[in-house]
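Q: Pasting a structure here, questions to come.
Read-outs throughout are calculated quantities, based only on the coordinates presented, and are distinct from any laboratory measurement. It should be emphasised that the depicted structure is a prediction, and the values quoted were computed from it without experimental measurement. In this analysis, Cβ positions are derived from the backbone assuming ideal geometry, glycine residues included, and neighbour counts consider all displayed protein chains.
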Amino acid sequence: MKTKKKIALIFGITGQDGSYLSEFLLNKNYIVHGVIRRSSSFNTSRINHLYQDPHTKSRKFILHYGDITDAISVSSLIKKIQPQEIYNLAAQSHVAVSFEVPEYTANVDAIGALRILEAIRFHKLEKKTKFYQAGTSEMFGKVVETPQNEKTPFYPRSPYGVAKVYAHWVTINYREAYNLFACNGILFNHESERRGGTFVTKKIVSALCRIKVGKKKKLYLGNLYSKRDWGSAKDFVEAMWKMLQKKKPDDYVIATGKQFTVKQFVNFVLKRLKMNFKWRGKGLNEKCYHKGKSIVEIDKAYFRPLEVNTLLGDSSKAKRQLNWKIKTNIHQLIDEMVNKEMAHLRDD
Ligand code: NAP
Ligand code: G4F
């Protein structure tokens with residue numbers, strides 16, 4: 001007997017995680033629907049390889065225009081698609097930018113989650129549709145304990161972090177009030193070759209590769225001493241799916257349990273590129289030299305009004321209950337990112 005394919009709906013499908021989650025779900029034989037925003041330039045580069053022409057029979061990958069700030073579009077898509085699983089990955093996801101556009105960030109990152117939850121409830125899909133909310137270690141902000149787990153209190157340090165705390169609690173609220181199958185993933189930083197170019201790992205890899213081949217002279221960074229627990233996006237999207245396959249909905253920290261400073265990340269990439277280097281100076285005058293020339297310098301513009309100095313996750317609950325495992329360490333991640341960047345540069 002043929003089993004019916006599961007249907008998933010992804011908000012934020014054009015982003016780093018949306019693209020990997022799409023691939024993951026398609027491999028599991030899902031029909032994947034995704035919401036894209038109208039943009040004056042193409043915003044689908046991460047999912048172009050998955051695209052299926054609307055005239056294709058029995059499509060498995062279907063895109064819809066919509067926006068998480070538009071309640072009616074959110075609601076009508078959910079009514080039309082009636083998915084078994086909804087993944088809310090849509091966000092203004094840049095912490096520094098959230099200080100520049102705080103109200104917009106709240107609208108997308110906080111109320112966006114509410115709009116989806118309310119649409120599930122309004123269309124009486126509580127028993128049919130499971131919901132995943134893309135929460136973040138930024139909610140821990142000025143951490144009150146180390147490492148951070150599901151019980152660690154939140155102390156967000158940016159409009160982004162504050163908005164995500166709202167989304168976290170409203171997800172729990174709908175779970176408890178309406179018996180909705182709704183889970184929060186509390187994901188620590190996760191990276192890949194598809195990471196947006198203004199996040200620090202991708203910015204470092206991209207600039208140092210270009211410096212290596214003589215296409216760029218200098219990389220400017222902000223705080224070199226913040227510590228992050230960096231994992232691989234491919235590993236982390238699997239955890240999102242695993243949460244929705246459990247019998248009961250719950251919240252889970254997803255992290256590697258290892259942390260490094262931004263400066264260490266720079267050093268790892270330089271070593272991977274076989275570039276000799278030496279750091280000299282202090283504070284804003286700290287510089288990294290290669291062959292007698294400074295290649296990394298500090299620019300105050302990249303400091304934030306408030307910083308999250310340290311993040312380190314304890315994901316033992318996810319390991320125990322979801323049987324989730326980390327497959328990629330930081331050096332393998334850097335390898336993947338550097339290889340992709342160098343291939344791009346060769347193609348250029
Ligand atoms: P990303 O690459 O910035 O992708 C964000 C996605 O959200 C994009 O598809 C973007 O569309 C979409 N989006 C933004 N505003 C929207 C709106 N108003 N309506 C509909 N879609 C909208 O982020 P990511 O790294 O994949 O992260 C996925 C989610 O996990 C985000 O919610 C992020 O906050 C959260 N998170 C990420 C990390 C991490 O380290 N990557 C860690 C913890 C939590 P466009 O392509 O059109 O801009
Ligand atoms: O790469 P980042 O911009 O990531 P951040 O702020 O940790 O946020 C990312 O991870 C969160 C999970 O914890 C997600 F929720 C969020 O959506 C996003 O994906 O910055 C990492 C660190 C920060 O301490 C920042 O101050 O790197 C420091 N940094 C130093 N120089 C820089 C730079 N960050 C950026 N983006 N650019 C710099 O030049």
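Q: When you count, for each residue, the other Cβ atoms within 10 Å and take the mean per peptide, how do 149-159, 336-346, 272-282, 9-19 rank with the highest first?
A: 9-19, 149-159, 336-346, 272-282
Q: May I ask which of Lys248/Lys317; Lys128/Lys242; Lys124/Lys242; Lys4/Lys28 have a Cα-Cα span longer than 20 Å here?
A: Lys124/Lys242
Q: List Val101, Val253 from most exposed to least, where exposure is judged by having the fewest other Cβ atoms within 10 Å.
A: Val101, Val253
Q: Hey, another quick one. Expressed as an acute angle from 0 to 90° and rounded to the nearest 10, what is the orientation of the C-alpha long axis of helix 112-122 relative to the principal long axis of the chain?
A: Computed tilt is about 10 degrees.
Q: What do you get for the angle between helix 16-27 and the principal long axis of the chain? Use alpha-carbon atoms, 0 to 90 degrees, nearest ten.
A: That works out to roughly 50 degrees.
Q: Additional query: Please compute the contact order of the stretch 158-217 in relative form: average sequence separation of alpha-carbon pairs under 8 Å and at least six residues apart, divided by the residue count, as a percent.
A: Computed value for the stretch 158-217: 15 percent relative contact order.
Q: While we're looking at this one, here's another question. Across the chain, what fraction of all alpha-carbon pairs, as a whole percent, falls in each successive 10 Å bin from zero upward?
A: 5, 24, 33, 24, 10, 3, 0
Q: Mind checking the angle between helix 233-245 and the chain's longest principal axis? C-alpha axes, 0 to 90 degrees, to the nearest 10.
A: Here the helix axis deviates by roughly 20 degrees.
Q: A further question on this structure: Based on the Cα atoms of the stretch 166-218, what semi-axes does the equivalent ellipsoid have, where each is the square root of 5 times one gyration tensor eigenvalue, given in whole Å with the largest first?
A: Ellipsoid semi-axes (Å, largest first): 42, 9, 6.
Q: Say the cut-off is 27 Å between C-alpha atoms; which of Lys202/Lys247; Lys57/Lys127; Lys227/Lys271 go over it?
A: Lys202/Lys247; Lys57/Lys127
Q: Determine the alpha carbon to alpha carbon distance for each of Lys215/Lys340; Lys60/Lys80; Lys212/Lys234 and list only those over 23 Å.
A: Lys212/Lys234
Q: Where the centre of each part is set by its Cα atoms, how far does the stretch 1-57 sit from the stretch 282-337, in angstrom?
A: The distance from the Cα centre of the stretch 1-57 to that of the stretch 282-337 comes to 29 Å.
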